[in-house]
Amino acid sequence: YGFKEFTNAFVIAGNVMPTLAPEHVLKGLDVDAVLVGEGETAFVNLANGISQGKDPLKTENLAFLKDNILVKNPRAPLFPLTEIPHHDYELFDEEHLWRPFVGSSWKTGYLELTRGCPYLCTFCATPRMNTMYKAEGRLRGRETDQFMDEVKTLKKKYGLKLFFFCDENFLSIENLDEFCEVWEEEIGDPFMIQTRIETIKLDKVKKIKKA
């Protein structure tokens with residue numbers, strides 16, 4: 001991938017692979033650096049720093065190669081989920097909001113009520129992420145009222161009718177009962193979740209179906 005052939009911009013890669021194998025990614029992709037861990041704080045600081053003429057390689061959470069040796073900057077503290085702003089789809093064409101579901105096309109939004117997972121599956125990136133943020137505790141969530149405010153905003157602004165929850169284990173969230181009650185009363189639209197098999201209990205399934 002010759003990204004630098006098309007731009008003079010500072011190019012980074014982020015998400016799971018760059019977090020777990022930064023050196024491999026840096027040697028395999030045409031990028032200036034990779035972002036290790038969660039990036040809400042670091043990415044904003046990177047953009048602000050570049051606009052102010054600062055050295056982008058001094059930004060927290062970044063890893064890069066210097067003389068072919070991996071350098072990893074310190075990480076910024078975890079960003080509180082309650083302070084993450086609402087999703088903004090203004091840069092995307094409307095067609096990107098449409099997704100197929102049970103034989104029809106739906107305007108779909110992606111949401112996150114919690115982040116992290118308490119389980120330690122050997123095939124998953126979560127244990128490494130948990131270790132990375134062991135002192136702070138990566139598993140955390142949002143207040144139901146604050147979360148519902150975002151849902152209502154997205155529905156009104158973009159006409160969304162279907163929601164997908166990116167939570168790793170939705171049926172294990174602590175405020176599931178509160179969520180179901182408020183969602184049924186204030187939203188009522190269908191949603192998709194992902195969860196671990198042992199969290200699927202009859203009472204929980206009944207609640208989310210009713211919601």
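The values are calculated or read from the model by the stated rules, or taken from the named source; none is laboratory data. Please read these numbers as outputs of a predicted model, since none were measured by experiment. Note: ideal-geometry Cβ built from the backbone for every residue, glycine included; neighbour counts use all protein chains shown. With ligands, DNA and RNA removed, areas are computed over all heavy atoms of the protein, side chains included. Shrake-Rupley method; radii C 1.70, N 1.55, O 1.52, S 1.80 Å.
Some observations on this one:
- Distant alpha-carbon pairs in segment 87-211 (separation over 20 angstrom), percent: 49 percent
- For segment 1-52, pairs of C-alpha atoms spaced more than 15 angstrom apart make up 48 percent of the total.
- Computed from the C-beta positions of Asp145 and Lys107, the FRET efficiency with R₀ = 30 Å rounds to 0.80.
- Cross-link pairs Lys72/Lys134; Lys155/Lys204; Lys54/Lys157 - those with Cα-Cα distance over 28 Å: Lys54/Lys157
- Taking the helices alone, the chain has a mean residue ellipticity at 222 nm of -9000 deg cm²/dmol, built from -39,500 (n - 2.57) per DSSP H run of at least 4 residues and averaged over all its residues.
- With every protein chain in place, segment 80-126: carbon and sulfur % of accessible area (1.4 Å): 59 percent
- Calculated SAXS-style log₁₀ I(q)/I(0) at q = 0.11, 0.20 Å⁻¹ - segment 1-105, Debye, Cα scatterers: -0.45, -1.10
- Rounded to whole numbers, the Karplus 3J(HN,Hα) couplings from phi for segment 59-76 are 6, 4, 6, 7, 10, 7, 9, 10, 6, 6, 10, 5, 10, 10, 6, x, 9, 6 Hz, using 6.51 cos²θ - 1.76 cosθ + 1.60 with θ = phi - 60°, and x at Gly and Pro.
- Among the trypsin sites (Lys or Arg not before Pro) in segment 116-155, those located in a DSSP loop and surrounded by at most 12 other Cβ atoms within 10 Å of their own Cβ are Lys134.
- For the pair segment 101-116 / segment 80-95, the C-alpha centres are spaced 14 Å from each other.
- In segment 116-189, the chymotrypsin sites (Phe, Trp or Tyr not before Pro) that fall in loop regions by DSSP, at most 16 other Cβ within 10 Å: Tyr119, Phe123
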